[in-house]
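These notes are about the structure you will find just below.
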Amino acid sequence: STLRSGTEIGADKWHRNASTFYASVADGARRGVGVFSDLEGLVTDRITARCRGGDLAAPLDIAHSLLALQSFGSTSPVRNELASALAAAQLPDGSWSRSIFYFGGPKELFGWASEALTAAHAAAALHGEGRC
């Protein structure tokens, strides 16, 4: 219902990112959660709109979006765009910049991020495209 209503951004107080939400739904579909499988078109449309709208700048967001499309088995041409953007975002030392993955604290004033987490998700996404 959250996805269908378009309120996925910020729907979870810990993981506020839409790309994380899409990757979670797609992974659930891949694991056999039937209701999540029914959301493939909607998730693909949302990822495509975010990609084309320039709303996927952080490498972790790009990786999660690409992983979501892969989990659904999507053949969307946006997969190539995401993979190219992710490969281009790799830093000279082989890492990717970090972005907040998880928020915490009584007032959620801080977030956790790591280059290692981003690199792991980016490498997995690029591997899924045969680019790693």
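The values are calculated or read from the model by the stated rules, or taken from the named source; none is laboratory data. Here the structure is a predicted model, which means the values were calculated and not measured. Here the Cβ is made from the backbone with ideal geometry for all residues, glycine too, and neighbour counts use every protein chain on show. All accessible areas refer to the heavy atoms of the entire protein, side chains included, with ligands and DNA or RNA removed. Shrake-Rupley method; radii C 1.70, N 1.55, O 1.52, S 1.80 Å.
Computed values, structure above
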| item | result |
| --- | --- |
| Cross-chain or 6+ apart pairs with Cβ under 6 Å, the stretch 59-72 first and within 13 Å of residue 90 (Cβ to Cβ), then among the small types (Gly, Ala, Ser) and open to solvent by less than 10 Å² (accessible area, probe 1.4 Å) | 59/122; 63/122; 63/125 |
| Residues of the stretch 1-11 classified as polar (S, T, N, Q) and either under 18 Å from residue 125 (Cβ atoms) or in a helix (DSSP H, G or I) (or both), total | 2 |
| Test: residue in the stretch 69-80 that is under 20 Å from residue 113 (Cβ atoms) and of a type in the set (D, E, K, R) | no |
| Top-ranked residue of the stretch 1-43 - restricted to ones that are of a type in the set (Asp, Glu) and in contact with a Phe, Trp or Tyr (Cβ under 8 Å, 6 or more places away or on another chain), ranked as modelled with the lowest pLDDT | 12 |
| Residue count for the stretch 88-126, restricted to those that are buried (at least 17 other Cβ atoms within 10 Å of the Cβ), assigned to a helix (DSSP H, G or I) and among the hydrophobic types (A, V, I, L, M, F, W, C) | 6 |
| Which listed residue, of 83, 57, 89, is under 11 Å from residue 122 (Cα atoms) and under 13 Å from the mean Cα position of the chain (by Cα) | 83 |
| Identity of the residue in the stretch 12-56, among the polar types (S, T, N, Q) and assigned to a helix (DSSP H, G or I), that ends up least open to solvent (accessible area, probe 1.4 Å) | 19 |
| In the stretch 57-77, the residues that are of a type in the set (Val, Ile, Thr) and surrounded by fewer than 22 Cβ atoms within 10 Å (Cβ to Cβ) | 75 |
